[in-house]
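The structure appears below as structure tokens.
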Amino acid sequence: MKKFKFNIQGNPYEVSINQVQNGVVNVDVNGKNFSVEIEKEKPVVAVPTPAPQPQLVESKPAAAKPAAPKEGQPLTTMKVYVASGQTVKEGDKLFTMESNGRECDITADKDGVIGKINVIVGQHVTAEGEIIELKDCGQATGNFSTENAIPSPLPGTIVQIILPEGSAVKAGDVVLTMDSMKMVNNVLADKSGTITHMIVKERQAVLEGDPLFIIE
């Protein structure tokens with residue numbers, strides 16, 4: 001027998017549990033006998049978790065890398081990075097060409113000096129066509145360094161060369177104009193002297209920092 005004492009809202013209760021049998025408890029509360037049926041616990045039924053559905057993933061082919069142009073393949077000149085008289089090293093980027101929606105870079109196959117350039121931006125050529133003349137350094141005439149050249153202030157396209165090679169200039173003179181983001185910008189001489197080398201041509205695309213011309 002187990003006895004318990006409770007105080008509920010100021011009223012004392014003495015409870016004795018006499019017997020538990022077949023789910024029925026015999027209880028004395030303050031001397032009165034009661035039979036209390038114990039409520040049976042309902043079994044817990046585990047709800048099965050649905051198995052995850054397989055995801056269908058679309059298989060995409062790996063992106064193809066730009067391939068070198070094949071002989072006879074039509075190409076479009078997208079960018080020209082060099083100018084006549086410029087010294088280059090093997091592996092330097094000369095042009096960016098586009099064919100069938102893919103771009104590829106044309107690089108120098110040896111050290112040398114750029115001679116004649118036979119293409120301009122937007123011109124169509126074929127892969128076997130001679131697009132540039134690359135002379136050995138010992139064969140070059142008019143070889144020069146672009147270290148002191150006036151750099152392009154921003155990427156764009158040369159619109160007009162106002163003062164060509166050989167022109168005498170003063171500091172602040174407009175030497176050429178270039179288009180960038182549909183705005184025409186003036187490129188000025190930074191000092192007085194003579195334009196000894198005009199490195200770029202009209203309609204040529206340039207990047208920010210590319211050499212434009214040299215004043216000596």
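Observations on the structure shown:
- Among the residues of region 123-134, those identified as farther than 12 Å from residue 78 by Cβ and in a strand (DSSP E or B) are 126, 132, 133, 134.
- Residues in region 168-197 that are modelled with pLDDT of 90 or more and of a type in the set (Gly, Ala, Ser): 168, 171, 172, 189, 192, 193.
- Here residue 139 clears all of (1) modelled with pLDDT of 85 or more; (2) open to solvent by 80 Å² or more (accessible area, probe 1.4 Å) except the condition numbered (1).
- For region 107-121, the set of residues classified as under 8 Å from residue 77 (Cβ atoms) and open to solvent by 40 Å² or more (accessible area, probe 1.4 Å) consists of 120 only.
- Counting only strands (runs of 3 or more DSSP E) that sit wholly inside region 28-122, those with at least 2 residues that are modelled with pLDDT under 80 and more than 28 Å from the chain's Cα centre (by Cα) are 32-37, 112-117.
- Looking across region 1-35, the residues that are among the charged types (D, E, K, R) and open to solvent by 60 Å² or more (accessible area, probe 1.4 Å) come down to 2, 3, 5, 14, 32.
- Condition check for residue 174: surrounded by 13 or more Cβ atoms within 10 Å (Cβ to Cβ), closer than 26 Å to residue 96 by Cα and hydrophobic (A, V, I, L, M, F, W, C): no
- Sole residue being of a type in the set (Asp, Glu), modelled with pLDDT of 85 or more and within 28 Å of the chain's Cα centre (by Cα), chosen from 216, 165, 208, 202: 208
The values are calculated or read from the model by the stated rules, or taken from the named source; none is laboratory data. Just so it is clear, the structure is predicted and the values come from calculations on it, not from any experiment. Backbone-built Cβ (ideal geometry, glycine too); neighbour counts: all protein chains shown. For accessibility, only protein heavy atoms count, side chains too; no ligands or nucleic acids. Shrake-Rupley method; radii C 1.70, N 1.55, O 1.52, S 1.80 Å.
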